[in-house]
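What follows is a set of notes on a single structure, which appears directly below.
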There are 2 protein chains.
Amino acid sequence: MDIEALNNWKFEDIEHSYTERDTMLYALGLGFGEDPNDPKELAYVYEDGLVAAPSMAVILGYPGFWLKDPKTGIDWKKVLHGEQWLEVFKPLPVAGTVIGRTSIDQISDKGEGKGAVLYLSRDIIDAASGETLARVKMSTFCRGDGGFGGENLPGPVPAVLPERAPDHVCDLTTLPRQALIYRLSGDYNPLHADPEVARSVGFDRPILHGLATYGLAGRAVLKSICDYDSSRLVGLDVRFSAPVYPGETVRFEIWEDNKDVRFRATVPERDVLVLNNGAARLA
Amino acid sequence: MDIEALNNWKFEDIEHSYTERDTMLYALGLGFGEDPNDPKELAYVYEDGLVAAPSMAVILGYPGFWLKDPKTGIDWKKVLHGEQWLEVFKPLPVAGTVIGRTSIDQISDKGEGKGAVLYLSRDIIDAASGETLARVKMSTFCRGDGGFGGENLPGPVPAVLPERAPDHVCDLTTLPRQALIYRLSGDYNPLHADPEVARSVGFDRPILHGLATYGLAGRAVLKSICDYDSSRLVGLDVRFSAPVYPGETVRFEIWEDNKDVRFRATVPERDVLVLNNGAARLA
């Protein structure tokens, strides 16, 4: 990677207008509406009384796959989405225009042959009021880019999961076509739709978007703990462990400690951990 | 109904721009992508090699629920969608701008207390070339509006189904959330989403859009006979018999006679005929 270029990287503000239809489609991409006769769940996918899933912040004002820009010097084919964090300061409008303002927080050098970790922040700002609605952070593990002479900086400390049995277990089924619905919210990476592309990078078939699995985590917490009250979920952090294949059931094991929620997610049918060190904060 | 007003009714041209995303979302609303690993089915829901489902013509250039206009004099709460016809002259573009040009073909008076039938046509015209891509026709049974002194004109003769056993049986499952996906293609009638609204008009719960069941018929013919080649399906006619509830399986019984296809659809779990006198034409 070109560390000097990255240290001076300037992101343009991304203006993102979205409609109620987009908000409903995002939620359908996460499987909301599975029980369409539950009015509390219906509120995420029906314009009368519509609410936005808090996790929708992660798709707003997205700067695109800028790592692919040759000026970064990053070996973009070797990057992996490591962690995702979200703080929600104000419930997201169900329609409107927001500004996504992205910056690089830090770049950690894990050493030659070990890679580097890039930490990004993005503020989601209401274009009309100027208020910051949410802050989205992510880490990207750049497997091909260590040893640039930087510091091995620590990232945020991952949430620790309790030793006791989980307080809630929430199984969410995905559809074989789940990624095809989810991708209409803006991430058209063919890895999530095209069997040939998926095979060319070593998967049996297309995988679900990491951020769709992330959105499922929000849905699991809303369903299990928040009685679907979207305003209660104000933070959602995860560490990605492995991909989910569309059609699989994702099992969320959830621990409650007042306003601090911990969770992890597995795919029982393959006995694979897919999300680890999950943390949600309740208002 | 105000027969003079209707005889002189002028419809504005409806300009309708749509994107590849809209085309994919329409197909997802019909359940295309159920087997996302079948490349022929995937073509309806993935932008690389995208094709439009021929039945999409019925949602293009739609003039809206104009029957509700008090100037029609129609008792709009008593209208039922009776039949739907479609001729496709040219494969629909996967994105573009079309003009919907609607006209009233005839109004048949069934007599006082018996109702009237309104026959409408809509040409779907490519805005750039001026070519007519498709012609959509429908009949609306106005149960509260007979006896205006008009003629009892016959409508098109319904297709006759063969006596023999069907050549193909195609079961298509719908999701409980199917109507919630389908409605994002433009028909936001709350009857298809809101349990209270559905109950207020005598249904146990929201019903699937008639035109979604119609689109399923196109999908069944494409799957059973056309090897998913969208260009082969150039006509699709049905008579609506009863609504489908989202989550039900719809069974299509299909007869082939060269380029003329006949079909009907039932919901086996309730033993109800939902589409009758179905006809599809193959190129």
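The table below lists the values:
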| item | result |
| --- | --- |
| Residue identified as touching a residue at least 24 places away in the same chain (Cβ under 8 Å) and under 21 Å from A:ALA279 (Cβ atoms) among A:SER121, A:SER139, A:SER103 | A:SER139 |
| Strands (runs of 3 or more DSSP E) within the range B:66-158 that include 1 or more residues open to solvent by 40 Å² or more (accessible area, probe 1.4 Å), within 27 Å of B:ALA280 (Cα to Cα) and touching a Cys at 6+ places or on another chain (Cβ under 9 Å) | B:79-88 |
| Test for B:ASP204: is it open to solvent by 20 Å² or more (accessible area, probe 1.4 Å) and away from chain A (no Cβ under 13 Å) | no |
| Candidate set: the range B:172-190, residues that are touching a helix residue (DSSP H, G or I) at 6+ places or on another chain (Cβ under 6 Å) and open to solvent by 30 Å² or more (accessible area, probe 1.4 Å); chosen: the one nearest to the other protein chains (Cβ to nearest Cβ) | B:PRO190 |
| Meets criteria (in contact with a Cys (Cβ under 9 Å, 6 or more places away or on another chain) and open to solvent by 20 Å² or more (accessible area, probe 1.4 Å)) for B:ARG239 | no |
| Condition met for A:GLY218 (out of contact with any Gly (no Cβ under 8 Å at 6 or more places or on another chain), in a strand (DSSP E or B) and open to solvent by less than 20 Å² (accessible area, probe 1.4 Å)) | no |
| Yes/no for B:ARG199 being open to solvent by 10 Å² or more (accessible area, probe 1.4 Å) and assigned to a strand (DSSP E or B) | no |
| Members of the range A:19-40 that are open to solvent by 30 Å² or more (accessible area, probe 1.4 Å), in a helix (DSSP H, G or I), facing chain B (nearest Cβ under 8 Å) and not basic (Lys, Arg) | A:PRO39 |
| Test: residue in the range B:156-166 that is within 12 Å of chain A (Cβ to nearest Cβ) and within 21 Å of B:ILE254 (Cα to Cα) | no |
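Residues are listed down the side, and each one gets a yes or a no for (1) out of contact with any helix residue (DSSP H, G or I) (no Cβ under 9 Å at 6 or more places or on another chain); (2) within 30 Å of A:GLY49 (Cβ to Cβ); (3) in the same structural domain as B:VAL45 (by TED's automatic domain parsing):
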{"residue": "B:GLU196", "(1), (2), (3)": "no, yes, no"}
{"residue": "B:ARG205", "(1), (2), (3)": "no, yes, no"}
{"residue": "B:SER224", "(1), (2), (3)": "yes, no, no"}
{"residue": "B:LEU236", "(1), (2), (3)": "no, no, no"}
{"residue": "B:ARG239", "(1), (2), (3)": "yes, no, no"}
{"residue": "B:PRO246", "(1), (2), (3)": "no, yes, no"}
{"residue": "B:GLU253", "(1), (2), (3)": "yes, no, no"}
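The values are calculated or read from the model by the stated rules, or taken from the named source; none is laboratory data. Only a predicted model underlies this, so the values are computations on that prediction, with no experimental measurement involved. All Cβ positions, even for glycine, are placed from backbone atoms using ideal geometry, and neighbour counts span all protein chains on display. Side chains are part of the model used for accessible areas, which takes the heavy atoms of the whole protein and leaves out ligands, DNA and RNA. Shrake-Rupley method; radii C 1.70, N 1.55, O 1.52, S 1.80 Å.
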